[in-house]
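Following: one structure in structure tokens, then a few remarks.
The values are calculated or read from the model by the stated rules, or taken from the named source; none is laboratory data. Remember, predicted model here, so these are calculated numbers, not experimental data. Neighbour counts are summed over all protein chains in view; Cβ atoms, including those assigned to glycine, are modelled from backbone coordinates with ideal geometry.
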Amino acid sequence: MNYLGNILSYQHFPIYAIMVLFLGSFLIAVFGENRIARNILALLSVTAALGFVAALIKPVLMDGEIISYWMGAREPAGGYAIGIALEVDALSLFFALLVSLAVFVSGVYSIQYMNRDHNEKEYYTLYLLLCGGVMGMVLSGDLFNMFIMVEILTFAAVALTAFRNTARGAVEAAFKYLVVGCMGSTCILAGTAMLYAQTHTLNLAQLAQLVPGDVNTATKVAFALLFVGFGTKAFIVPFHPLAADAHGAAPASISVIISGVLTKSGIYGIIRITYFLFQSMGLGTMQFLLVFIGSLSMFVCVTMALAQHDFKRLLAFHSISQIGYVLTAVGLCTALGVSAGLYHAINHTLFKGLLFLAAGAVLHETGTTDLNKLGGLAKKMPHTTVLFLIGAFSISGLPPFNGFASKWLIYQASYQKAVESGNIGFLLVTVIALVTSVLTLASFVKVSHSVFFGQLPPELENVREVSWGMRLAMGIFALLCLVTGLFPGLVTGYLTEPAATAVFNVSQYIEAMGFDGSAAVQPEAGSFQYVGAWDPVSWLLVLCIALLAVTIAAAAGKYGNFSRNRAARREDKYQLFYGGEAQELSQLGGDDLFWGFKHNWRGYFNYMHRMHSGIVNDYALWAVIDLALVMLFSLIVL
Amino acid sequence: MTVVIDALMYLGYVLIFPGFLFCFLAGMLLCGIDRKLVAKMQKRVGPPVLQPFYDFFKLCGKETIVPDAAEGICFMFAPLLGLAALVVIQLFIPVFGFTAISGMADIVVILYLLLIPAVSIILGGAASGSPYAGVGLSREMVTIISCELPLVLVLLAVAKTVGDAMGTGLCFSLRGIAEYQAANGSLICRISMLPAAAAMLLIIPGETGNHPFDAAEAETEICEGLLAEYSGAPLAVFKLSHAVKMLTLTSLFAALFLGGLGTGMVVLDALLLFVICAVLTALTISFVHAVTARLKIEQIFKYYWTVVTLLAAVSLVLAWYGL
């Protein structure tokens, strides 16, 4: 009894959450031939992982405990951490929650989404391996283990990118991802090795204790290596073209994981190294690096998205653009900024997951994601359309959906930072963020017009709504988008503010593992005070009253009575409009919809077009240049 | 008991002032004044000032036809959503000292709420399945992008100026802006705010989609674009929304730059607000309409992102250095 109680103590839950995912992966590899056994195993392991992580909310997020777990009870000996450790503070658990949630929903979706593919056994094996890798990375208390997990998840992600290897570009995308992803992993390994040589430890808490006291050239180079390494995992500029290729080729359920979870692991790594390992190198200057790269990602990727004509590639660029928001907010180094960034990270997982699943639903039924070939699906797939619109409104930040709640915090945090620091650069960040938001809206107006509204091409007459399992998965995300949008107080109070507090509490992180944290450089956190006011529930109430009033008045005026114009077929009616011009040259949909905008920026767009050559050599070169620049920055400035 | 009275009061705000009834009457009157003024400037007789009312009720009596290619629910529902969203914005904008619903929204929220009516007309047009609407949608969206950047700069400049004066550094709340102006006089009297006010005046016709920034509707070219397939009552609602949008933007200008003029009596304030809105409409919409020809969409974009943005940016920089 006592033994059982010991096993079920929540101290063990972190390792269980990692184990069930890997165990599921191995079991499916062995017993996965049977379809039912495979599905049950996959669902069981993702549900169990979600359960174990959710059970930790109470002790870690609400009570503020930090779980330290030494594998095999190998505690530090002689002042040095030799054993492998897990350390779960509020920040780790926050990311673990995102991971397990996205993994669960995507798992539910996969079951009916992948039913037309072969090799489902391999799919689930790799899928759970990928999920286990990310889970292990965010819960690890050891820099080298983080590297191991990064390797596992990179290789699983590369294999899954090429999963539909008969599709055009899949193998090419996987190859690009492999090359640059390996450069990133190598950077992480090299950075880890340099730190190890200097401090003789790999434990994060002990590194956080030792590194700040001894900053020299090697430490600065290690910082640059780790930053660039985790940057490739988050696909921030200049690694964004890989994300587009990978998302374009991978199955939708994998895109959810790559965008919602894998990029977050990169962000997690960046937060860990900047705030915990290298705090003494001057957060004020590191701030510039994070905010600059974040704003650049925001703007470059949203403009790249405007030029796309493939549904999933477009979503991929938006994914990185939103990651730019997260990075910028986290880089502000204020409590409000970190809290806002983490809030946006949750929302990004939710709405991006929803949008990728909707794109997957369209691909599943129509066989294409080309915006120029789709149209009018709202009449054929009404539920998918509504769910897609919720996702589109969320990412464009329309109230009352969740994107608005977090972006609103980010604007405040950045503007407040600008005023407090007197630095006009942060003001520019606020403006870029606001403009990016409206460009995002434009991009999603394009998608909804080109895919769900507009005219239905004759080839798509027989399209049907997707099966209930896929709609259920999308529904979960859509519901969560609404909940996190309508009750921002709950999200900030229970999730992001504890996590942000943990970010600014380095000494507690060090002491939880039994080391001396008194010398840690504690960044000044500031308060969670807002300058604005936003009450989504009351606003929605007022809007509903107003809408009800309009609807009643309209109904009283016989608004609902209309007749369908069935006589005039569209072919006859709009012939005049085309005037003999080839249809694909007109600005009716697809990539050229916002001609008026792109025309004025044609120099920029042409330049971008030339730069994104699609050749892996170029992208590898970008990675090297990026590394050189970050190294230069950290050597000279930090 | 107090709950019931509160509920009735809020219902009154939503339905009468500054909600529906006020929006309907004032918006339509502004529209009528605008048409009359443009006609006078062009040496025409023009329609009677009450013509928009007649048009509205006439359209409501007409048959509604939904094209075969359209997605019916979205097509019919979009106009209603757009109108409701506009009325809600009007509730948040203070009428000098009087705020119907305070503490619920700030200027960033207003910025985003202003997108909802635009998105609803875009979705309605997209749902109609017409290629004219497709072109109109593209231009409408580009017009929104064009106006967004200068509008953002104007709002940030106001937030900084008021925040500086109040010692908080920043003030996003519309109520705070109104209170500051009640105590210290209108913001337009400050030199740093003059370029911002000018930029805001130039933004008004762009946001409402009036001449010369009406490429998205361009009757003579793409048959009113997004509205090409609309008829009957939904069209009437869109026309009403357009009128209300004129009221919303002009009263937003009044709230941002002309605060502190109020008398303290709600009825007089409402009248004063209407007069100010009418003057602003005449200045920014009618006069500009009468003397300009329609711009191409890429010209609209260029104009807003250069001239108007520059004005707003100058104001923001001046505000930044506390002038």
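Structure values in brief
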quantity: Any hit, region A:303-315, residues being among the basic types (Lys, Arg) and touching a Leu at 6+ places or on another chain (Cβ under 8 Å); calculated: yes
quantity: Single match in B:192, B:138 (criterion: within 11 Å of chain A (Cβ to nearest Cβ) and either in contact (Cβ under 8 Å) with a residue 24 or more places away in the chain or not basic (Lys, Arg) (or both)); calculated: B:138
quantity: Top-ranked residue in region B:231-248 [being closer than 17 Å to residue B:209 by Cβ and among the hydroxyl-bearing types (Ser, Thr, Tyr); ranked as nearest to the other protein chains (Cβ to nearest Cβ)]; calculated: B:241
quantity: Qualifying residue in region B:88-101 (condition: closer than 20 Å to residue A:397 by Cα, facing chain A (nearest Cβ under 7 Å) and surrounded by 22 or more Cβ atoms within 10 Å (Cβ to Cβ)); calculated: yes
quantity: Subset of region A:461-493 (residues that are within 13 Å of chain B (Cβ to nearest Cβ) and not in a loop (DSSP other than H, G, I, E, B)); calculated: A:485, A:488
quantity: Residue B:251 vs. criteria modelled with pLDDT of 80 or more, within 12 Å of chain A (Cβ to nearest Cβ), under 12 Å from the mean Cα position of the chain (by Cα) and not in a loop (DSSP other than H, G, I, E, B); calculated: no
quantity: Qualifying residues in region B:269-323 (those that are within 14 Å of another protein chain (Cβ to nearest Cβ), touching a helix residue (DSSP H, G or I) at 6+ places or on another chain (Cβ under 8 Å) and among the polar types (S, T, N, Q)) - the one nearest to residue B:193 (Cα to Cα); calculated: B:315
quantity: Residues of region A:349-370 classified as outside any helix (DSSP H, G or I) and in contact (Cβ under 8 Å) with a residue 12 or more places away in the chain, total; calculated: 2
quantity: Matching residues, region B:104-125, being free of Cβ contacts under 8 Å to residues at least 40 places away in the same chain, within 7 Å of chain A (Cβ to nearest Cβ) and closer than 16 Å to residue B:81 by Cα; calculated: B:112, B:113, B:115, B:116, B:119
quantity: Where a residue in region A:155-175 is surrounded by fewer than 15 Cβ atoms within 10 Å (Cβ to Cβ) and its partner, wherever it lies, is among the β-branched types (Val, Ile, Thr) and part of a helix (DSSP H, G or I), with Cβ under 8 Å and at least six apart; calculated: A:165/A:171
quantity: Only one of B:32, B:46 that is more than 14 Å from every other protein chain (Cβ to nearest Cβ) and either assigned to a loop (DSSP other than H, G, I, E, B) or of a type in the set (A, V, I, L, M, F, W, C) (or both); calculated: B:46
quantity: Complete set of residues in region B:58-73 that are part of a helix (DSSP H, G or I), modelled with pLDDT under 80 and hydrophobic (A, V, I, L, M, F, W, C); calculated: B:73
quantity: Unique residue being among the aliphatic types (A, V, I, L, M), touching a helix residue (DSSP H, G or I) at 6+ places or on another chain (Cβ under 9 Å), in a helix (DSSP H, G or I) and modelled with pLDDT of 85 or more when the list is B:37, B:21; calculated: B:37
quantity: Number of the exception - residue A:32 against (1) free of Cβ contacts under 8 Å to residues at least 40 places away in the same chain; (2) surrounded by 15 or more Cβ atoms within 10 Å (Cβ to Cβ); calculated: (1)
quantity: Selection count, region A:399-429, where residues are surrounded by 23 or more Cβ atoms within 10 Å (Cβ to Cβ) and at the interface with another protein chain (Cβ under 8 Å from one of its Cβ atoms); calculated: 7
quantity: Hey, residue B:64 within 10 Å of chain A (Cβ to nearest Cβ) and more than 17 Å from residue B:117 (Cβ to Cβ) or not; calculated: yes
quantity: Matching residues, region B:169-189, being within 14 Å of chain A (Cβ to nearest Cβ) and at positive phi; calculated: B:169
quantity: Exclusive hit being in a helix (DSSP H, G or I), aliphatic (A, V, I, L, M) and within 13 Å of the chain's Cα centre (by Cα), set A:293, A:257; calculated: A:257
quantity: Boolean, residue B:177 is farther than 24 Å from residue B:38 by Cα and β-branched (Val, Ile, Thr); calculated: yes
quantity: Residues (surrounded by fewer than 17 Cβ atoms within 10 Å (Cβ to Cβ) and of a type outside the set (A, V, I, L, M, F, W, C)) located in region B:300-318; calculated: B:302, B:306
quantity: Tally of residues being within 24 Å of the chain's Cα centre (by Cα) and buried (at least 20 other Cβ atoms within 10 Å of the Cβ) across region B:57-74; calculated: 2
quantity: Wholly enclosed helices (runs of 4 or more DSSP H) of region B:151-239 bearing at least 3 residues surrounded by 23 or more Cβ atoms within 10 Å (Cβ to Cβ); calculated: B:174-184, B:194-208
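Conditions (1) more than 21 Å from the chain's Cα centre (by Cα); (2) closer than 19 Å to residue A:25 by Cβ, marked per residue:
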| site | (1), (2) |
| --- | --- |
| A:145 | yes, yes |
| A:151 | no, yes |
| A:154 | no, yes |
| A:158 | no, yes |
| A:162 | no, yes |
| A:165 | yes, no |
| A:176 | no, no |
| A:182 | no, no |
